[in-house]
1. Can you name the residue in the stretch 73-90 that is part of a helix (DSSP H, G or I) and out of contact with any strand residue (DSSP E or B) (no Cβ under 9 Å at 6 or more places or on another chain) and, of all such residues, is nearest to GLY103 (Cα to Cα)?
2. Quick check: anything in the stretch 25-46 touching a Leu at 6+ places or on another chain (Cβ under 8 Å), outside any helix (DSSP H, G or I), in contact (Cβ under 8 Å) with a residue 24 or more places away in the chain and more than 22 Å from ALA104 (Cβ to Cβ)?
3. Of all residues being touching a strand residue (DSSP E or B) at 6+ places or on another chain (Cβ under 6 Å) and assigned to a loop (DSSP other than H, G, I, E, B) in the stretch 49-71, which is farthest from LEU85 (Cα to Cα)? Just the residue, please.
4. ILE34 - would you say it is of a type in the set (A, V, I, L, M, F, W, C), surrounded by fewer than 12 Cβ atoms within 10 Å (Cβ to Cβ) and modelled with pLDDT of 90 or more?
5. Please give the number of the condition ALA71 fails out of (1) touching a helix residue (DSSP H, G or I) at 6+ places or on another chain (Cβ under 7 Å); (2) modelled with pLDDT under 95.
6. With ASP121, ASP115 as the choices, which residue is modelled with pLDDT of 95 or more, on the phi < 0 side of the Ramachandran plot and more than 14 Å from the chain's Cα centre (by Cα)?
7. What number of residues within the stretch 101-138 satisfy the criterion of being loosely packed, with under 14 Cβ neighbours inside 10 Å, under 20 Å from ILE50 (Cα atoms) and among the hydrophobic types (A, V, I, L, M, F, W, C)?
8. Regarding the stretch 90-108, can at least one residue be identified that is of a type in the set (Ser, Thr, Tyr), out of contact with any His (no Cβ under 7 Å at 6 or more places or on another chain) and over 22 Å from TRP65 (Cα atoms)?
Amino acid sequence: MDALCGHPRPEAGGGFLAHSAEAWASGQEYNYAITSGGIVVGSCGLHRRIGPGGLDIGYWLHHAWTGKGLATMAAAALAQAGRELPGIDRIEIHHDEANSASGAIARRLGFRKFDRVRVPDGPEAPGETGIHVIRRLQ
């Protein structure tokens, strides 16, 4: 999964909230809304998808809200929250090689390139390469 969470659809809101509540209760995911002026403009979360002791950060913004620093602020808050969870020894951001915006966010926050892997199912969206860059917070 790219650093950008799946694009939410209004009709899927109830399912997403139910999934988020279950995942939060189990400690597998911690999902949040990104808001501006009381409007939900995206989502973000900490996910236990990279093995024991690790969390990866995911985020998504509506295209009209990119470039305003919201994803950087959200990722910074998630990195801090992840550091405070017991048993966590690494936090990562994974993004498609073509997603320069996600790469820039990770670099600004001190995440360093750790690995580069080909996604088995290929690109998830037009414009992607199917190669994910894994950046790890040192």
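The values are calculated or read from the model by the stated rules, or taken from the named source; none is laboratory data. Predicted model, so just to flag it, every value in this text is computed and none were measured. Cβ sites come from the backbone with ideal geometry, for glycine too, and all protein chains shown count toward neighbours.
1. Going through the stretch 73-90, the residues part of a helix (DSSP H, G or I) turn out to be 73-83.
Checking the rest, the ones that are also out of contact with any strand residue (DSSP E or B) (no Cβ under 9 Å at 6 or more places or on another chain) come to 76, 80.
Numbers: ALA76: 14, GLN80: 19 Å.
For the stretch 73-90, the residue satisfying everything is ALA76.
2. The answer is yes; a qualifying residue exists.
3. Step one: of the stretch 49-71, the residues touching a strand residue (DSSP E or B) at 6+ places or on another chain (Cβ under 6 Å) are 49-50, 54-62, 65, 70-71.
From the residues that got through so far, the ones that are assigned to a loop (DSSP other than H, G, I, E, B) too are 49-50, 62.
Details: ARG49: 15, ILE50: 15, HIS62: 29 Å.
Only one residue fits best here, namely HIS62.
4. Values: of a type in the set (A, V, I, L, M, F, W, C): yes; surrounded by fewer than 12 Cβ atoms within 10 Å (Cβ to Cβ): no; modelled with pLDDT of 90 or more: yes.
No; evaluated as a whole, the condition is false for this residue.
5. Answer for ALA71: the failing condition is (2).
6. Working: ASP121 fails: modelled with pLDDT of 95 or more.
Exactly one residue qualifies, and that residue is ASP115.
7. Number of matching residues: 1.
8. Filtering the stretch 90-108 down to residues of a type in the set (Ser, Thr, Tyr) leaves 100, 102.
Of the ones still in play, those that are also out of contact with any His (no Cβ under 7 Å at 6 or more places or on another chain) are 100.
Imposing the further condition that a residue be over 22 Å from TRP65 (Cα atoms) reduces the set to none.
No; the residues of the stretch 90-108 include none that is of a type in the set (Ser, Thr, Tyr), out of contact with any His (no Cβ under 7 Å at 6 or more places or on another chain) and over 22 Å from TRP65 (Cα atoms).
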